[in-house]
Amino acid sequence: MKLLIVEDERKIARALKLGFEQERAVVEMYYDGPSGLSAALGDDYDVIILDRMLPGGMDGVAICEQLRTKGNQTPIIMLTAKGQIRDRVAGLNAGADDYLTKPFSFEELLARVRALMRRPQDVIRNTLKVGDLELDTVSYAVKRGGAAIELTQTEFALLEYLMRNYGRVLSKTNIINHVWDFDADILPNTVEAYVGYLRTKIDKPFPDKPALLHTVRGFGYKIEATR
């Protein structure tokens, strides 16, 4: 998963980044309103974690309103030290999907991020499914037809991204942006290599089953169960 954190308290921001990276997420951080809005409009994220009070002349509510006005529907969790009902209502009315008052536990924030990322058609509890392939986003277990599959951290992140975008063709650029840190020096050939690694683990060991990982020549890759 790829997250955007807009939080001016750098100690909190760094702690959140570390926590989510330990959950195998790609995290980008910004510390003021205008930079956060520019990042949110300029890239694709799975969830935005947005502080309500921000420097730079633009608070979290204003960012939320602008994103929704421009048609950006990325799920947003608003963080704030303000706990009054009117402040929560303002954030939700601006388009936030959830609201968390400081101080909070990282475990609760993680649970809320996971809840926002669930897609009812693809997810049963914490499990993503494509055909007989299953991926557990909590235990990191991957199985096909009940047989366990061992993946590296990067392979898991790539498979999760593909499964969350079932049937959608993802370009190498999309994949790089969502699977690797933004400052990582990743080449398109690296994506090809990791797609190959995945194929050797989720498709090739099951010759009697239909292939799930597909190359769309000139465009990218997708995961899809075909009959």
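No lab work stands behind these numbers, since they all come straight from the coordinates. These figures come from a predicted structure and were not determined experimentally. Cβ sites come from the backbone with ideal geometry, for glycine too, and all protein chains shown count toward neighbours.
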Is the stretch 123-223 rounded, prolate or oblate when judged by the Cα gyration tensor, a ≥ b ≥ c being the square roots of its eigenvalues, rounded requiring a/c under 1.5 and prolate requiring a/b larger than b/c? prolate
Karplus-derived HN-Hα couplings along the stretch 33-41 (A = 6.51, B = -1.76, C = 1.60, θ = phi - 60°), whole Hz, x at Gly and Pro: x, x, 5, x, 5, 4, 5, 4, 7
In sequence order, what are the phi-derived ³J(HN,Hα) couplings for the stretch 10-20 according to the Karplus relation 6.51 cos²θ - 1.76 cosθ + 1.60 with θ = phi - 60°, rounded to whole Hz, with x for glycine and proline? 5, 5, 5, 4, 5, 5, 5, 4, 4, x, 6
Coil-residue trypsin sites (Lys or Arg not before Pro) of the stretch 138-217, DSSP, other Cβ within 10 Å capped at 16: Arg168, Arg217
Which whole-number percentage describes the relative contact order of the stretch 123-223, with Cα contacts under 8 Å and a sequence gap of 6 or more? 26
Residues meeting the amide H criterion for Tyr99 (H placed from the backbone, H to H distance under 5 Å, 5 or more places apart or on another chain) are Met78
Sum of -39500 (n - 2.57) over DSSP H runs of 4+, divided by residues of the chain (222 nm, nearest 500): -12000 deg cm²/dmol
Between Ala62 and Glu108, what is 0.36 nm times their sequence separation minus the Cα-Cα distance? Round to one decimal in nm. 14.1 nm
Tell me which chymotrypsin sites (Phe, Trp or Tyr not before Pro) from the stretch 196-227 have a DSSP coil assignment and no more than 14 other beta carbons within 10 Å of their own. Phe219
Under a GNM of the chain (C-alpha, springs under 10 Å), which listed residue has the highest mean-square fluctuation: Gly60, Gly36, Gly146? Gly146
Beta bridge orientation in the chain: antiparallel %, DSSP, nearest 5: 50
